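None of the figures in this text is laboratory data; all of them are computed from the coordinates on show. Quantities reported herein were computed from a predicted structural model and do not represent experimental measurements. Methodologically, a virtual Cβ is constructed for each residue, glycine included, from the backbone with ideal geometry; neighbour enumeration extends over all protein chains shown.
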C-alpha cells in the first residue's frame, strides 16, 4: 500500500514512515481515526512545547543565576578595586610620612652636627680665651715676689740625684734659706724655704737646670724635676 500522506510504500493500519492512519472502512471512521491521530500529534507537540518551555525556563533560571553571580563578582571586583585604591592611597600617605620623617631625621642630624661643631668651636674659643688669659697672667705670676715661708711640692717620680741637685741650687739662691726637706722618694717630697727679702721665686725655680716645670698653686709652688 502507498501512504497517501508521504507517498512511501508501507503496510498496516498506520504508515511506518510518517504514522499516517491507513484505515479501510467508512469515511466517518477514517475521519475519527484521523482526528485522534491529529490529537495525538497535537498532544505530542504540546509535550514537546512544554519540554522546550521547561528547558527554556531552566535556561532562563541558569541565565538568572549567571547574571546574579556576575553581578556579585562585579560587586566584589568593584569593592576589591576600591580597597586596592584605598591601600594605594594609604601606601602613598605612608610613603609621604616616611619621607617627611626622613627629612626631619636628616634635619635633626644636621642640627646635632651643627650644635656639635658649635660646641667644639665654643670649647676651642673657651680654651683659647683661657690660654690667652693664662698667657696674659703668666708674666705677673712669674714676676710675683715671694717673702717669708714658702712650701715647694715636688711631683713624683723623684730621683735622689735630682732632689740633691735641686737642694744644691736652692742653697745658692741669695736671700733664700732651706728650712725643711721632708717626705719620701716614692710618695713625693716637700721642701720649705724662707725668703728673707722679696724675690721672684717662681722665675728662679724655672731657670734652675734640675727643674722641668714650676707652677704656682695658691700659697705653694708645685715643682716637676727633669728626668735623668
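Summary value for the chain: 14 percent relative contact order, contacts being C-alpha pairs under 8 angstrom separated by 6+ residues. Going by alpha carbons, how many degrees (0 to 90, nearest 10) lie between the helix axis of 27-142 and the longest principal axis of the chain? The answer is roughly 10 degrees.
Expressed as a whole number of Å, what is the distance separating the alpha-carbon centroids of the range 147-179 and the range 1-20? The two parts, judged by their Cα centres, are 160 Å apart. The GNM of the chain, with springs linking C-alpha atoms under 10 angstrom apart, assigns the highest mean-square fluctuation among 150, 215, 43 to 43.
Taking 35 Å as R0, compute the FRET efficiency from the Cβ-Cβ separation of residue 86 and residue 56 and round it to 0.05. Walk me through the intermediate numbers first.
Details: r = 44 Å, r/R0 = 1.26.
For residue 86 and residue 56, the calculated efficiency is 0.20.
Helix 160-171 and the longest principal axis of the Cα set of the chain meet at an angle near 50°.
The modelled label-to-label distance for the pair residue 180/residue 194, using points 7 Å beyond Cα in the direction of Cβ, is 1.2 nm. Approximating the spin labels as points 7 Å out from Cα along Cα→Cβ, the residue 169-to-residue 18 distance works out to 15.4 nm. Every helix of 4 or more DSSP H residues in the chain counts as -39500 (n - 2.57), and over all residues that averages to -22000 deg cm²/dmol at 222 nm. Label sites at residue 216 and residue 103, each approximated as a point 7 angstrom past Cα along Cα to Cβ, lie 6.0 nm apart.
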